[in-house]
Amino acid sequence: MSEAIRALEGTAAGHQLALVLALTAALLHAFLGAIQKGRVDPWLSRGAIDAAFIVLTLPIALFLVPLPQGREWALVIGTMPFMFAYKWLLALAYTRAAYTVVYPVVRGSGPFFTVIGAWLLIGETFTPMQWAGVGILMGGILGLAVYNLRHVSVGRDRLVPALWLAVATGLATAAYTTWGAYAIRGTEDPFTYLAWFFVLCAVDMPLIAAWRWKATPYKPPLRDLVRLGVTGAVIGWGSFGTVMLATRLDKVGEAAVLRETSTVFAALIGWLVLKESVGPRRVALMVMIALGAVVVELGG
């Protein structure tokens, strides 16, 4: 499979596969966010997911893919602070506001920062039409933030900090996406990078979750946490793995923007699964975010 990925890099078929991978990542990431936000403390749920990442992925990293060589270790380890920041900021945001408030801002602000980062680090450029798509996407994000500031009443005292944390999480998303694209391109076997990414970038949250477990008065059953962790890890493999492969096959900025169609899936999940109030205006703004992603793809 590694040979097939390398053979598709920079080809028309590779571009099409990157499109499919980015859209798959969008759907899976919306589910992953809903799992973390769910009815369990976000710190505990993410800790369970990361613990499952380590247990399930370590045998693959040790025995099924080549070990990183020389500079490849630095590329994998260099991803860790960006992923740690992303997860911590996301958990802080989720403890302050609803999923449908936080998630669209996180996912919508990330592409703008990613496009800038890809230009600075990898030298990618966008066409005028693609920049228009980014503008539509950012307009949807700004409109969504203004709508939430005006209409959300539950936990309103924590809303503004939650929105700022969501924007900061978007910046962290761009950082790990851009660095991850740079790192996976610099690793001979892309699955070597992905395997050690899932192992090393998961070492923080189980420790934080263990501390939270001791401190929280309500402790969810361990059986439920294990089930949540394994489910989240499997979805996470698909979510993070597919978008990282897409950035190796095609433009980083395009993959990052297309992934943000996840806001539409998030609206449906928040409404149907988490029973959060969404409303037609918020749905329209989320669709606007997804439309911006589509314009970016068409303008490429």
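Give me the percent of Cα-Cα pairs in the stretch 1-90 that sit more than 22 Å apart, rounded to a whole number.
Numbers: 2024 of 4005 pairs.
So the pairs more than 22 Å apart make up 51 percent of the total in the stretch 1-90.
At what distance in nm do the modelled label points of Tyr147 and Val203 sit from each other, each positioned 7 Å from its Cα along Cα→Cβ?
Using points 7 Å along Cα→Cβ, the separation is 4.2 nm.
If you add up the charges near Arg248, with Lys and Arg at +1 and Asp and Glu at -1, over every other residue whose beta carbon is less than 10 angstrom from its beta carbon, what do you get?
Numbers: positive: Arg6, Arg185; negative: Glu9, Asp250.
Counting the neighbours of Arg248, the net charge comes to 0.
For the chain, with a Gaussian network of springs between Cα atoms less than 10 Å apart, report the residue from Val283, Val167, Val106 with the top mean-square fluctuation.
Judging by the Gaussian network model, the answer is Val283.
Tell me the label-point distance for the pair Trp131, Ala13, using the 7 Å Cα-to-Cβ offset, in nm and rounded to one decimal.
With each label placed 7 Å out from Cα toward Cβ, I get 3.5 nm.
Mind grabbing the base-10 log of I(q)/I(0) for the stretch 176-243 at q = 0.11, 0.24, 0.29 Å⁻¹? Debye formula, identical points on the C-alpha positions, no solvent, two decimal places.
Those come out to -0.37, -1.10, -1.33, one per q.
Which FRET efficiency, nearest 0.05, do Ile116 and Leu298 yield, Cβ-Cβ r, R0 22 Å?
According to the calculation, E is roughly 0.55.
To the nearest 20 Debye, how big is the dipole of the chain about its Cα centre, given +1 on the beta carbon of each Lys and Arg and -1 on that of each Asp and Glu?
The dipole magnitude comes to about 1160 debye.
Provide the net charge surrounding Arg6, with neighbours chosen by a C-beta distance below 13 Å and charges set as Lys +1, Arg +1, Asp -1, Glu -1.
-2
What's the whole-number percent of alpha carbon pairs in the chain lying beyond 23 angstrom?
Within the chain, distances greater than 23 Å cover 52 percent of Cα pairs.
On the protein heavy atoms, probe 1.4 angstrom, tell me the percent of accessible surface of the chain carried by carbon and sulfur.
73
Using the per-residue mean of other Cβ atoms lying within 10 Å as a proxy for protection, in what order, highest first, do the peptides 136-144, 65-73, 41-49 fall?
Working: 136-144: 20.8, 65-73: 13.8, 41-49: 25.1.
With the highest mean Cβ count within 10 Å placed first, the list reads 41-49, 136-144, 65-73.
When every alpha-carbon pair in the stretch 163-204 is counted, what percent end up more than 11 Å apart?
68
Quick check: convex hull of the Cα atoms in the stretch 211-252, volume per residue, rounded to a whole Å³?
Dividing the Cα hull volume of the stretch 211-252 by its residues yields 84 Å³.
Using the heavy atoms of the protein chains and a 1.4 angstrom probe, tell me the accessible area per residue for the chain in square angstrom. If you can, show how the numbers build up before the last one.
Working: 12740 Å² over 300 residues.
Heavy-atom accessible area per residue stands at 42 Å².
Mind checking which of Leu75, Leu272, Leu28 has the largest fluctuation in a GNM of the chain, springs on alpha carbons under 10 Å?
Taking springs between Cα atoms under 10 Å, the residue moving most is Leu272.
Can you tell which of Ile54, Ile289, Ile208 shows the greatest fluctuation in a Gaussian network model of the chain with Cα springs below 10 Å?
Ile208
The values are calculated or read from the model by the stated rules, or taken from the named source; none is laboratory data. Not measured: the values here are computed from a predicted model. Ideal geometry is used to build each Cβ from the backbone, glycine not excepted, and the neighbour counts take in all protein chains shown. With ligands, DNA and RNA removed, areas are computed over all heavy atoms of the protein, side chains included. Shrake-Rupley method; radii C 1.70, N 1.55, O 1.52, S 1.80 Å.
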